[in-house]
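Data first, discussion second: the structure below is written as structure tokens.
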Amino acid sequence: MPYPRFTVAAVPVTLITLAASLTACKAVDDGSASSDSGKCKPSEVTLVQSGRGLSNEYYVAVDAGARAFAKSQGLKRKYQWIASDGDSSKQLSQIQSILAKGGKCVVLNVDPNESSVLPAIVKAVDKSGAWLVTQWNRPAGLSPERSSPHWVAHMSVDGVPQGYETAKALFKSMGGKGSIVALQGILDNPPAKERYKGLKKALKEYPGIKLLSSQTAEWDRTKGQNVTQNYLTKYGKKIDGVWAASDSMGLGALGAVKNAGREGQVEIASVDGLAETVHKVQDPSTGYVATTQSSAVPQGGFGLSIGFAAATGKINPAKESRERRSFYLKPKPIITRANASSVPPATDTSRFHFKDLWSQQGGPIR
């Protein structure tokens, strides 16, 4: 979530209910799910990355990682990005169309717009015999190891330490006392829940910090600014800090703070490691105190590499351990003024070697 996001358009309830019920009956009922591993030649594979949109810096970095992997396999011309624009119905329709044309040699690396759309995506992939890796969002109780070998893996970033460490940096900058407001991500998203849980954990350790209010801004910069403006109208100078679950919302909050003439007086911390945020953290006059390093490049590059390995028979998902089917990426340190100038650009792919499929694997998802 990274997670600067767009306004979410809900998937029709009947579609999601049907997809969930079909998935609950186990994809094994479909003959394609019983295959041991892929038999595609590398040149036959189509690589597809699905996310919200390349107008967002986070997804530009995801795309950079995906393109780097495609280039490493000589498949630059067989890679495509599809943008859901925050619309779950659109995302599902795009994927179904690609699967109808490409069949079993399609490798999809997908950031589901909402958890609720994922069962339908898994069902479509399983039916076609294609290969799927997912990030961030999935419904509780649904996982690759329980569903289908064709859903190769699910990766995420543990949001609890992200929310916790950025909140602690914020509270320390405030001298351990004062009042804050919080901007949450889409409430259906696991990363939003985890990051907010991290904030709550930090609040327990800092009794001098008071949370005045928390509200979703749906990962969106404009909504982050609007919600913060409303907070500033309601609470005025009672607000000493803003914690945001994503950099986009945090940058929106900074815009509201500037408009109120309080830039540098209200401290801000958020999550994602966008270049603009890192620049703000380096400038003491902004009041921006912390963000996190981005996981976007490994999500794009290693997501496709793991799916590609399954499609070409290099790995058999059904025989991989649970820790390789549902896992967190390795944690990264937070960014503060002390280290912001030395952090590599979010789109830097030079540090990653895609031959080692599991080099970025952290612990299993709880």
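The values are calculated or read from the model by the stated rules, or taken from the named source; none is laboratory data. Just so you know, these numbers come straight off a predicted model, no measurement behind them. Cβ placement follows ideal geometry from the backbone for every residue including glycine, while neighbour counts extend to all protein chains displayed. Accessible surface is based on the protein model in full, side chains and every heavy atom, while ligands, DNA and RNA are left aside. Shrake-Rupley method; radii C 1.70, N 1.55, O 1.52, S 1.80 Å.
Can you confirm whether TYR206 is under 30 Å from ARG52 (Cα atoms) and open to solvent by 10 Å² or more (accessible area, probe 1.4 Å)? It is false that TYR206 is under 30 Å from ARG52 (Cα atoms) and open to solvent by 10 Å² or more (accessible area, probe 1.4 Å). Scanning segment 115-136 for residues that are within 20 Å of SER295 (Cβ to Cβ) and either open to solvent by 20 Å² or more (accessible area, probe 1.4 Å) or assigned to a strand (DSSP E or B) (or both) turns up LEU132, VAL133, THR134, GLN135.
Only one of the numbered conditions (1) closer than 22 Å to MET155 by Cα; (2) modelled with pLDDT of 95 or more is violated by PRO190, and that is (2).
Within segment 62-77, residues that are assigned to a loop (DSSP other than H, G, I, E, B) sit with their Cβ atoms under 6 Å from residues that are of a type in the set (A, V, I, L, M, F, W, C) and open to solvent by less than 20 Å² (accessible area, probe 1.4 Å), at 6+ positions apart or across chains, in these pairs: LEU75/LEU47.
TRP219 meets each of the listed conditions (1) farther than 19 Å from THR291 by Cβ; (2) in contact with a Pro (Cβ under 6 Å, 6 or more places away or on another chain); (3) among the hydrophobic types (A, V, I, L, M, F, W, C) apart from (1). Reported count of residues in segment 87-98, each being crowded, with 22+ Cβ neighbours inside 10 Å and over 18 Å from ALA153 (Cβ atoms), is 3. In segment 312-355, which residues are among the hydroxyl-bearing types (Ser, Thr, Tyr) and either more than 28 Å from LYS41 (Cβ to Cβ) or in contact with a strand residue (DSSP E or B) (Cβ under 6 Å, 6 or more places away or on another chain) (or both)? Scanning segment 312-355 gives SER326, TYR328, THR336, SER341, SER342, THR347, SER350. For segment 100-108, the criterion of being surrounded by fewer than 24 Cβ atoms within 10 Å (Cβ to Cβ), touching a Gly at 6+ places or on another chain (Cβ under 9 Å) and of a type in the set (D, E, K, R) is met by at least one residue. Of all the residues in segment 147-193, those that are under 17 Å from the mean Cα position of the chain (by Cα) and of a type in the set (Lys, Arg) number 1. For beta carbons closer than 6 Å, sequence separation of 6+ or different chains, a first residue in segment 255-274 that is over 16 Å from GLU57 (Cβ atoms) and of a type in the set (Val, Ile, Thr) and a second that is at pLDDT 95 or above and open to solvent by 40 Å² or more (accessible area, probe 1.4 Å), the qualifying pairs are VAL257/GLU263.
Of all the numbered requirements in (1) within 26 Å of ARG366 (Cα to Cα); (2) in a helix (DSSP H, G or I); (3) touching a helix residue (DSSP H, G or I) at 6+ places or on another chain (Cβ under 7 Å); (4) of a type outside the set (A, V, I, L, M), LYS204 misses one, and that requirement is (3).
Could you list, in sequence order, all residues of segment 145-172 that are in a loop (DSSP other than H, G, I, E, B) and surrounded by fewer than 24 Cβ atoms within 10 Å (Cβ to Cβ)?
Result: ASP158, single match.
Provide a single number: the residues in segment 173-185 that are part of a loop (DSSP other than H, G, I, E, B) and surrounded by 24 or more Cβ atoms within 10 Å (Cβ to Cβ).
Residues meeting the conditions: 1.
Could you go through segment 217-240 and let me know if any residue there is surrounded by 19 or more Cβ atoms within 10 Å (Cβ to Cβ) and in a strand (DSSP E or B). Checked against the condition, which is being surrounded by 19 or more Cβ atoms within 10 Å (Cβ to Cβ) and in a strand (DSSP E or B), segment 217-240 yields no hits at all. Scanning segment 39-86 for residues that are modelled with pLDDT of 95 or more, surrounded by 18 or more Cβ atoms within 10 Å (Cβ to Cβ) and among the acidic types (Asp, Glu) gives a single hit, ASP63.
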